[in-house]
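These notes are about the structure you will find just below.
The values are calculated or read from the model by the stated rules, or taken from the named source; none is laboratory data. Keep in mind the model is a prediction, meaning the values are calculated, not measured. As a convention, Cβ positions derive from the backbone with ideal geometry for all residues, glycine included, and neighbour counts pool all protein chains shown. SASA here: full protein model, heavy atoms, side chains in, ligands and nucleic acids out. Shrake-Rupley method; radii C 1.70, N 1.55, O 1.52, S 1.80 Å.
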Amino acid sequence: MLCVTTDYRADTGCPEPYLRRIAQAGFSHVHWCHHWNTDFVYADAEIEQIAAWLDELGLALLDLHASAGKEKAWGSEREYERLAGVELVANRIEMCARLGGEVVIMHLPGGSFEAYWPRLRRSLDELRPCAEARGVRIALENGGSHQSFDDIERVLAVYRPEYMGLCYDSGHGNCFPEGLSRLEKVKDRLISVHLHDNDGSADQHRLLFTGTTDWSRLARTIAASSYSKCVSMEVSMRNEPYQDEEAFLKAAFGTGLRFKEMLDSARSR
Ligand SMILES: [Zn+2]
């Protein structure tokens, strides 16, 4: 079992060619990442078509990157934009459930926690009945700073694990020295992973084992965490030398398998 993101090449437009190549490369699951940061609302016809493609190709949805939106933004100070943002996240929760997933991933709004928290809390309270009815949890994704973990810890302290957990993004975590230590503090709330690598200087979304991430420490931490699902990679072609998608996906599959072996062995200890 191995998972890769649908947006390894592009995150808008018809997803069919990418799904076909992902299946051909041998992956069992996808991380739905198309339109992860747009105001795009998925219609029934689109969700049904995606479900049909996944079914035909033998792919399962692992989890779905929901959108904090641009003009429909769940942390907006304009009330109508915030309400539209809540509808946008509800659209993704519904889509995730219909495609068989149980987790949507969200970024926190930017700026100071004190400023956005009253608005975000209203949005989270409004989304909760929808998430609970669909059996979907929200995973908050870390950025590349202490502050993002500080903010996530404050939100996790308010909501129970049945509603909310952490998505650890290994590339963001590698952009500052204590990323893995911060994950270790909240590993009992880990419900999703975005695995990719970089050299520590920027969020490059490179293949596993191409940068400076301490993969063996990360395998041990995930093995000791509440995360029980498969290796899920949020890798992108944009900083890789591969010209064609098949070669890129083959390399991604190989590196994912290597990390899966490390994780399996850490889990069996
Ligand atoms: Zn991510």
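Do we find a residue being modelled with pLDDT of 95 or more and under 16 Å from HIS194 (Cα atoms) anywhere in the stretch 92-102? Scanning the stretch 92-102, I find at least one residue that is modelled with pLDDT of 95 or more and under 16 Å from HIS194 (Cα atoms), so the answer is yes.
Does HIS34 meet the test of being touching a residue at least 12 places away in the same chain (Cβ under 8 Å) and farther than 17 Å from ASP55 by Cβ? Yes: the conditions hold for HIS34.
Evaluated against (1) of a type in the set (D, E, K, R); (2) open to solvent by 60 Å² or more (accessible area, probe 1.4 Å); (3) within 17 Å of the chain's Cα centre (by Cα), ASP199 falls short on exactly one condition, (3). Looking for something closer than 30 Å to GLU132 by Cα and touching a residue at least 60 places away in the same chain (Cβ under 8 Å) - is there at least one such residue anywhere in the stretch 215-225? No, the stretch 215-225 contains no residue that is closer than 30 Å to GLU132 by Cα and touching a residue at least 60 places away in the same chain (Cβ under 8 Å).
Scanning the stretch 52-63 for any residue that is within 16 Å of the ligand (Cβ to nearest atom) and either among the β-branched types (Val, Ile, Thr) or at negative phi (or both) turns up at least one such residue.
Output the residues belonging to the stretch 217-229 that are within 16 Å of the ligand (Cβ to nearest atom) and open to solvent by less than 30 Å² (accessible area, probe 1.4 Å). LEU218, ILE222, TYR227, listed by residue number.
Scanning the stretch 239-257 for residues that are touching a residue at least 24 places away in the same chain (Cβ under 8 Å) and loosely packed, with under 13 Cβ neighbours inside 10 Å yields a count of 1.
When the stretch 125-167 is filtered for residues that are under 23 Å from SER228 (Cβ atoms), open to solvent by less than 70 Å² (accessible area, probe 1.4 Å) and either within 16 Å of the ligand (Cβ to nearest atom) or among the charged types (D, E, K, R) (or both), the ones remaining, listed by number, are ILE138, ALA139, LEU140, GLU141, ASN142, PHE149, ILE152, GLU153, GLY165, LEU166, CYS167.
To keep it simple, each residue is scored yes or no on (1) in contact with a strand residue (DSSP E or B) (Cβ under 7 Å, 6 or more places away or on another chain); (2) within 22 Å of HIS194 (Cα to Cα); (3) open to solvent by 10 Å² or more (accessible area, probe 1.4 Å); (4) modelled with pLDDT under 95.
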| residue | (1), (2), (3), (4) |
| --- | --- |
| PRO15 | no, yes, yes, no |
| TYR18 | no, yes, yes, no |
| GLY26 | no, yes, yes, no |
| TRP32 | yes, yes, no, no |
| ALA45 | no, no, yes, no |
| GLU71 | no, no, yes, no |
